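Everything below concerns the one structure shown next.
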Amino acid sequence: MGHDIDLKAADGHKLSAWRADPAGTPRGGLVVIQEIFGVNAHIRAVADGFARDGYSVVAPALFDRVERGVELDYSPESIARGRDIRGKVGWDEALADIAAAVAALKGTRVAATGFCWGGSLAWLAATRLSGISASVCYYGGQIAQFRDEVPKCPVLMHFGSEDKSIPAADIDAIRAARPGVPIHSARPGVSIHVYPGAGHGFSCDHRASYDPSSAALARTRTLEFLAAAMG
């Protein structure tokens, strides 16, 4: 369904992205933000899935600032390599590339969703970028350190109760800093769901930690949230 496109960030950096569009008039635009594994087969499949749900989707290749064409699997070696590359991409640089993806979806309301590293970036997109109408954060491990930032739009967060990389104390700290709002609210605020028994990466069917029931429920909630927030 999707295809490769080129984007240009405000600082002049050129990057690739995966774009997928629905068959009919789009319900809105959606920026899908990668994990530490690049815009790999899983992220492309996620983008294509949201396109089938009616959204025009762009998934920017945030690792292009370090190395172009990075696509990793979920082996320990790939995790180590992905972490190394991620450490070379600054938050502001990644947000500049996400902003370029938002600009590519001009003419429609735009939301963001991200996974792992991308989940944290989806939070920062909601607090720092303009043009974001809603944001969905899947198991963002760095959200807690930025919890005092104020979102400009409604935000939905998904966490697993058995996520060894995101302590329950971090989720509690986010809740304390950002009082919740109803999931169907269109006003800025945060709604948090924790999935019993689910671990990190529970929504990715390419990972051993994939939890089909939690992934399906999170996706249902995500689609309901996007529909309510974006109209």
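The values are calculated or read from the model by the stated rules, or taken from the named source; none is laboratory data. What you see is a predicted model; the values in this text were computed from it and never measured. No Cβ is skipped: glycine too gets one built from the backbone with ideal geometry, and neighbour counts run over all protein chains shown.
Here are the numbers:
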quantity	calculated
Answer from Ile79, Ile85 - the residue that is more than 19 Å from Ser16 (Cβ to Cβ) and among the aliphatic types (A, V, I, L, M)	Ile79
Where Ala104 falls short, out of the listed (1) within 16 Å of the chain's Cα centre (by Cα); (2) closer than 24 Å to Ala45 by Cα; (3) surrounded by 18 or more Cβ atoms within 10 Å (Cβ to Cβ)	(1)
Output for the range 188-205, where each listed residue is surrounded by 15 or more Cβ atoms within 10 Å (Cβ to Cβ) and in a loop (DSSP other than H, G, I, E, B)	Pro188, Ala198, Gly199, His200, Gly201, Phe202, Ser203, Cys204
Criterion (assigned to a strand (DSSP E or B) and closer than 18 Å to Ala103 by Cβ) met by exactly one of Ala17, Ala47	Ala17
Whichever residue in the range 16-46 is modelled with pLDDT of 95 or more, more than 20 Å from Leu124 (Cα to Cα) and hydrophobic (A, V, I, L, M, F, W, C) and, among such residues, is surrounded by the fewest Cβ atoms within 10 Å (Cβ to Cβ)	Ala41
Condition met for Arg52 (within 18 Å of the chain's Cα centre (by Cα), of a type in the set (Lys, Arg), surrounded by fewer than 14 Cβ atoms within 10 Å (Cβ to Cβ) and modelled with pLDDT of 95 or more)	yes
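Table: residues versus (1) touching a Pro at 6+ places or on another chain (Cβ under 9 Å); (2) hydrophobic (A, V, I, L, M, F, W, C); (3) closer than 25 Å to Ser214 by Cβ.
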residue	(1), (2), (3)
Val136	no, yes, yes
Tyr139	no, no, yes
Ile143	no, yes, yes
Arg147	no, no, yes
Met157	no, yes, yes
Ser161	yes, no, yes
Ile166	no, yes, yes
Ala169	no, yes, yes
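Residue-wise test of (1) in contact with a strand residue (DSSP E or B) (Cβ under 7 Å, 6 or more places away or on another chain); (2) not acidic (Asp, Glu).
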{"position": "Ile5", "(1), (2)": "yes, yes"}
{"position": "Asp11", "(1), (2)": "no, no"}
{"position": "Arg19", "(1), (2)": "yes, yes"}
{"position": "Gly24", "(1), (2)": "no, yes"}
{"position": "Gly28", "(1), (2)": "yes, yes"}
{"position": "Val46", "(1), (2)": "yes, yes"}
{"position": "Gly49", "(1), (2)": "no, yes"}
{"position": "Pro60", "(1), (2)": "yes, yes"}
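Residues checked against (1) of a type outside the set (Ser, Thr, Tyr); (2) surrounded by fewer than 21 Cβ atoms within 10 Å (Cβ to Cβ):
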site: Ile79; (1), (2): yes, yes
site: Arg83; (1), (2): yes, yes
site: Glu93; (1), (2): yes, yes
site: Ala100; (1), (2): yes, no
site: Thr113; (1), (2): no, no
site: Ile143; (1), (2): yes, no
site: Phe146; (1), (2): yes, yes
site: His158; (1), (2): yes, no
site: Ser165; (1), (2): no, yes
